[in-house]
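Here is the structure we will look at, set down as structure tokens.
The values are calculated or read from the model by the stated rules, or taken from the named source; none is laboratory data. Every value quoted in this text rests on a predicted model; they were computed, and no experiment measured them. As a convention, Cβ positions derive from the backbone with ideal geometry for all residues, glycine included, and neighbour counts pool all protein chains shown.
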Amino acid sequence: MNKYIFIATVTFSAIAAGCGADSNPGRAYMPDMTYSRAYETYAPTTDLEKEGVFYNRKPVPGTVARGEDVEFTFNLTHDSVGYAQSAQLKNPLDSAGAKIDMKEAERLYLVNCGICHGAKLDGNGPLFNGGEGPYTAAPKDFTAADMKALPAGTMFYSVTYGKGQMGSYASQISPKQRWEIIKFIKSKQGVGASGTGAAADSSAKGAEASVAADATAKK
């Protein structure tokens, strides 16, 4: 019996010693994780910059949101080169077996685009209203020949980064929803599945030629 009392006493003493006033746990195997430099999302970044820490509140390039399909990822750069390359992008929803609810696609268009581009895709939404609305700049008319010729990938690029007076919709509409909206627009335009044709190919080549001309001019 005395042996068991002795063992219990030693064990209790060891536990008590480990939970003593000394809070130093000793050497940390991975100090960056043990002592995290956690930072609030909307806190000022000036202090971090002084410490040489880069933090722009944006996800790492190429990051795929949780629940988002990899096939809808988009990594083209926001510059003239990325814009020219976007003409080669194909709508993932054009692939065999892809399912799309055109009614939902239409709803997404009306909610996010119709207020400017109009329910009839004619560029005469409530915000323009024939020039009598609060926006004086006429939105693009999707029924026009140049918009029918615009490749689906370039449309996706414009919705993602913004174009002209239109801002980016990347934070409001997921990549899949953007492709669904473009699928709806192309279907109303009477354009084929790929959203491209001879005119679109010509437009893409023109964009590439423009990029090449810019690069030559800078030399």
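Taken over region 128-171, residues that are under 21 Å from the mean Cα position of the chain (by Cα) and on the phi > 0 side of the Ramachandran plot amount to 2.
The condition (being touching a strand residue (DSSP E or B) at 6+ places or on another chain (Cβ under 8 Å) and not hydrophobic (A, V, I, L, M, F, W, C)) is satisfied by just one residue among Pro151, Pro134, Pro139, Pro126: Pro139. Residues in region 77-97 that are at pLDDT 90 or above, within 16 Å of Lys176 (Cα to Cα) and assigned to a loop (DSSP other than H, G, I, E, B): Leu89, Lys90, Asn91.
Just need a number here: residues in region 120-155 that are within 17 Å of Leu108 (Cα to Cα) and either of a type in the set (S, T, N, Q) or touching a Leu at 6+ places or on another chain (Cβ under 6 Å) (or both). Matching residues across region 120-155 total 1. Within region 101-121, how many residues turn out to be surrounded by 15 or more Cβ atoms within 10 Å (Cβ to Cβ) and assigned to a loop (DSSP other than H, G, I, E, B)? Count: 3.
Kindly check whether there is at least one residue in region 188-198 that is modelled with pLDDT under 60, of a type in the set (A, V, I, L, M) and more than 26 Å from the chain's Cα centre (by Cα).
yes
If you scan region 65-80, which residues turn out to be over 18 Å from Tyr169 (Cβ atoms), out of contact with any Pro (no Cβ under 9 Å at 6 or more places or on another chain) and touching a residue at least 40 places away in the same chain (Cβ under 8 Å)? Within region 65-80, just Ser80 meets the criteria.
Scan region 59-66 and tell me whether some residue there is modelled with pLDDT of 95 or more and under 16 Å from Arg178 (Cα atoms).
Going residue by residue through region 59-66, those that are modelled with pLDDT of 95 or more are none.
Taking every residue of region 59-66 in turn, none turns out to be modelled with pLDDT of 95 or more and under 16 Å from Arg178 (Cα atoms).
When Pro134 is tested against (1) touching a Phe, Trp or Tyr at 6+ places or on another chain (Cβ under 7 Å); (2) at pLDDT below 95, just one condition goes unmet, and that condition is (1). Within region 156-188, being part of a loop (DSSP other than H, G, I, E, B) and farther than 19 Å from Asp69 by Cα holds for Gly162, Gly164, Gln165, Gly167, Ser168. Which residues, taken from region 165-188, are without any contact (Cβ under 8 Å) to a residue 24 or more places away in the chain and more than 23 Å from Lys103 (Cβ to Cβ)? Within region 165-188, Gly167, Ser168, Ala170, Ser171 qualify.
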